[in-house]
1. Can you name every residue in the range 24-51 that is open to solvent by 70 Å² or more (accessible area, probe 1.4 Å), of a type in the set (A, V, I, L, M, F, W, C) and touching a residue at least 12 places away in the same chain (Cβ under 8 Å)?
2. Within the range 31-141, which helices (runs of 4 or more DSSP H) (wholly inside it) include 1 or more residues that are at pLDDT 85 or above?
3. Could you run through the range 112-123 and say how many residues are crowded, with 24+ Cβ neighbours inside 10 Å and among the β-branched types (Val, Ile, Thr)?
4. Output the number of residues of the range 33-69 satisfying the condition of being within 20 Å of the chain's Cα centre (by Cα) and closer than 23 Å to residue 97 by Cβ.
5. What are the pairs, 6+ residues apart or on separate chains, where a residue within the range 100-126 that is in contact (Cβ under 8 Å) with a residue 60 or more places away in the chain has its Cβ under 7 Å from a residue that is aromatic (Phe, Trp, Tyr)?
6. Output the residues belonging to the range 1-23 that are modelled with pLDDT under 55, in a helix (DSSP H, G or I) and surrounded by 15 or more Cβ atoms within 10 Å (Cβ to Cβ).
7. What tally of residues in the range 63-103 results from selecting those that are more than 17 Å from residue 53 (Cα to Cα) and open to solvent by 60 Å² or more (accessible area, probe 1.4 Å)?
8. Please verify whether residue 176 is at pLDDT below 75, among the acidic types (Asp, Glu) and within 24 Å of residue 30 (Cα to Cα), treating the condition exactly as stated.
Amino acid sequence: LYTGNFWDFEQINNFYGKEYGWFLLNYLFQPLGFWGLQFFLAIVQNIIIFYFIKKYVAPRWYWLAIFIYCFNVSYMVMSASLMRQFLAQCIIILASQYIIKRKIVHFISYVFLAYLIHKSAIFFLPFYFISYLNFKLSNKRLIVFLVIIILWMSFAAQYVGDFLETIVVEFIGLGEYQ
């Protein structure tokens with residue numbers, strides 16, 4: 001999808017590690033073109049970021065949070081070029097509120113939606129369960145915790161990702177676009 005014609009959907013069948021949500025989004029915005037998609041993503045992503053800032057940042061620090069977001073190259077500027085990654089990141093930001101509210105179905109739904117955009121979102125799944133842990137990190141516990149996270153990332157990358165892809169392709173029917 002990233003070579004040649006931006007809208008050449010024949011390339012989907014040859015693309016390893018398909019992110020069907022991203023392909024579907026591209027397909028839906030085909031009539032508006034690349035800049036229509038870019039405009040839509042900029043609006044949605046900025047609304048999500050400003051919602052997060054308003055909800056979780058103390059009012060006296062709004063100015064600093066917005067300044068960091070707008071003028072740090074890693075955020076606003078990069079979101080324009082890393083469209084798929086940043087959209088998945090914004091969806092994960094929305095999912096994080098369900099960790100606090102202890103709503104696992106909502107949380108997993110958002111993570112799954114983000115996974116359809118970018119597979120790296122799967123690595124956020126353990127954070128729901130980590131939030132239930134009430135522990136003080138000693139050196140031994142920190143090492144065990146990091147080993148568990150690294151093992152989870154290895155497992156998730158291979159098996160959980162393949163399982164979710166099978167669900168998307170076989171049960172939801174997004175195997176091929178016409």
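The values are calculated or read from the model by the stated rules, or taken from the named source; none is laboratory data. Everything numeric here is computed off the predicted structure, so don't read it as measured data. Methodologically, a virtual Cβ is constructed for each residue, glycine included, from the backbone with ideal geometry; neighbour enumeration extends over all protein chains shown. Just the protein is used for accessible areas: all its heavy atoms, side chains included, with ligands, DNA and RNA removed. Shrake-Rupley method; radii C 1.70, N 1.55, O 1.52, S 1.80 Å.
1. 50
2. Where helices (runs of 4 or more DSSP H) fall fully within the range 31-141 and carry at least 1 residues being at pLDDT 85 or above, they are 33-56, 62-71, 83-101, 104-117, 126-130.
3. 1
4. Total meeting the criteria: 17.
5. Listed pairs, sorted by first residue: 116/20; 117/22.
6. If the condition is that a residue be modelled with pLDDT under 55, in a helix (DSSP H, G or I) and surrounded by 15 or more Cβ atoms within 10 Å (Cβ to Cβ), then 9, 12 are the ones that fit.
7. 9
8. Answer is yes for this residue.
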